[in-house]
Amino acid sequence: MQNWLKLEPVFKEMIWGGQRLKENFNYDIPSNQTGEAWVVSAHPEGSSMIVDGQFQNMTLDSCFKEYREIFGPGNNKTFPLMIKIIDANKDLSIQVHPDDEYGLKHSNSLGKYESWYILDANPDTKLEIGHHAQTVAEFAKMLKNKQFDQLLRYIPIEKGDCFNVVPGTVHALCAGTLVYEVQQNSNVTYRIYDYDRVDLNGNLRELHIEDSLNVITAPSKPENNNLSKHDNEAITKLIDNKYFTLHQAVVNAQTRFDFNQVFITCTIIEGSGFINGHSVQKGDNFVVLPNEKKLAMTGQFKALIAQPKLENM
Ligand code: ZN
């Protein structure tokens with residue numbers, strides 16, 4: 001049985017998208033307003049295609065459903081992760097995601113933990129994470145009065161920064177950011193504020209104020225870690241939350257990453273080399289099944305490795 005699934009991304013055009021996915025990752029994007037590459041996705045609105053080996057031309061979604069047992073133990077019929085590379089050429093809307101309980105009850109969807117790894121950022125780029133209101137009532141009042149400068153919390157970012165965005169955290173990527181995002185397989189987003197922009201058809205995008213106020217954390221406690229300083233370590237654990245782990249591999253010499261029980265995803269974000277004899281280069285994305293047990297890496301590259309937690313399988 002093949003353990004190595006190479007994937008082709010699905011692209012999504014967005015009003016805030018750009019052309020950095022082509023400039024930076026050489027992806028074959030549909031337009032110069034391309035916002036997202038769904039690089040590892042089994043989502044019904046766009047599943048990645050497997051491009052080589054015995055599962056060639058199957059979507060990741062159908063492969064997961066048909067050969068469930070090769071991905072790891074458990075009965076979950078929904079592929080547990082979704083990985084995107086996002087080009088925020090303009091500011092994204094200020095938003096919040098629910099947890100599983102609220103999402104299932106009100107939006108017929110799992111909630112959304114997401115984590116960001118900043119692949120590139122223009123000088124002086126910021127990120128919106130958290131807010132300055134002490135209570136939900138105060139948040140609602142400042143929102144109603146459009147006191148966004150006092151309400152929203154902006155922090156400077158740079159390449160290599162990593163953030164764990166837990167449900168209830170108010171957040172938005174700002175113009176000039178290229179980001180790797182790993183998240184639960186869910187697309188449920190409550191939009192709080194969209195700068196009064198109109199979409200491609202001239203309409204204001206829908207806001208979800210009531211749901212947002214029901215799920216936001218106040219006062220906010222955004223978690224963030226600046227991990228740029230760990231680049232001298234071959235393997236660094238960046239994120240470990242309820243749903244997944246995220247590791248960074250910096251390969252200069254022979255480097256090994258061991259895993260078991262559950263599949264991993266691997267995204268090459270810089271350079272090129274070999275993993276378990278397969279040639280890899282920047283922009284490549286793989287699902288590697290648990291039978292493979294390890295990644296033996298050589299060459300000069302950087303990779304991000306995500307793995308769902310066993311209890312979510
Ligand atoms: Zn989000």
Quick one: in region 189-229, of everything that is hydrophobic (A, V, I, L, M, F, W, C) and modelled with pLDDT of 90 or more, which residue is farthest from Glu13 (Cα to Cα)?
Ala218
Under 8 Å by Cβ, and 6 or more places apart or on different chains, what pairs join a residue from region 92-108 that is more than 9 Å from the ligand (Cβ to nearest atom) and open to solvent by 70 Å² or more (accessible area, probe 1.4 Å) with one that is outside any helix (DSSP H, G or I) and not β-branched (Val, Ile, Thr)?
Asp99/Gly111; Asp99/Pro167; Asp99/Gly168; Glu101/Gly111; Leu104/Leu110; Leu104/Gly111; His106/Pro98
Kindly indicate the residue of region 260-283 that is touching a Lys or Arg at 6+ places or on another chain (Cβ under 7 Å) and open to solvent by less than 70 Å² (accessible area, probe 1.4 Å) and also nearest to Glu69 (Cα to Cα) among those meeting that condition.
Ile268
If you go through region 154-163 one residue at a time, how many are surrounded by fewer than 19 Cβ atoms within 10 Å (Cβ to Cβ) and touching a residue at least 40 places away in the same chain (Cβ under 8 Å)?
3
When you scan region 109-135, how many residues do you find that are more than 16 Å from the ligand (Cβ to nearest atom) and either of a type in the set (Ser, Thr, Tyr) or more than 19 Å from the chain's Cα centre (by Cα) (or both)?
8
Go through region 33-57 and give me each residue that's open to solvent by 60 Å² or more (accessible area, probe 1.4 Å) and closer than 22 Å to Ala303 by Cβ.
Met49
Taking the condition of being out of contact with any Leu (no Cβ under 8 Å at 6 or more places or on another chain) and either within 16 Å of the ligand (Cβ to nearest atom) or small (Gly, Ala, Ser) (or both), how many residues in region 82-91 meet it?
4
Name the single residue that is farthest from Gln281 (Cα to Cα) among those in region 19-32 being touching a residue at least 40 places away in the same chain (Cβ under 8 Å) and crowded, with 16+ Cβ neighbours inside 10 Å.
Arg20
Hey, does region 46-55 have a residue that's within 14 Å of the ligand (Cβ to nearest atom) and within 30 Å of Glu210 (Cα to Cα)?
no
Give just the number: which of (1) open to solvent by 10 Å² or more (accessible area, probe 1.4 Å); (2) within 16 Å of the ligand (Cβ to nearest atom); (3) at pLDDT 95 or above does Val179 not satisfy?
(1)
Residues of region 109-121 being modelled with pLDDT under 95 and open to solvent by 20 Å² or more (accessible area, probe 1.4 Å), in sequence order, are Ser109, Leu110, Tyr113
If you go through region 58-81 one residue at a time, do you hit one that is at pLDDT 95 or above, within 16 Å of the ligand (Cβ to nearest atom) and open to solvent by less than 10 Å² (accessible area, probe 1.4 Å)?
yes
Residue within region 132-139 that is of a type in the set (Gly, Ala, Ser), at pLDDT 95 or above and surrounded by 19 or more Cβ atoms within 10 Å (Cβ to Cβ) present
yes
Boolean, Phe259 is touching a residue at least 60 places away in the same chain (Cβ under 8 Å) and hydrophobic (A, V, I, L, M, F, W, C):
no
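The values are calculated or read from the model by the stated rules, or taken from the named source; none is laboratory data. Since the model is a prediction, treat every value here as computed from it, not as a measurement. Note that each Cβ is placed from the backbone with ideal geometry, even for glycine, and that neighbours are counted across all protein chains shown. Surface accessibility is based on the protein's heavy atoms, side chains included, excluding ligands, DNA and RNA. Shrake-Rupley method; radii C 1.70, N 1.55, O 1.52, S 1.80 Å.
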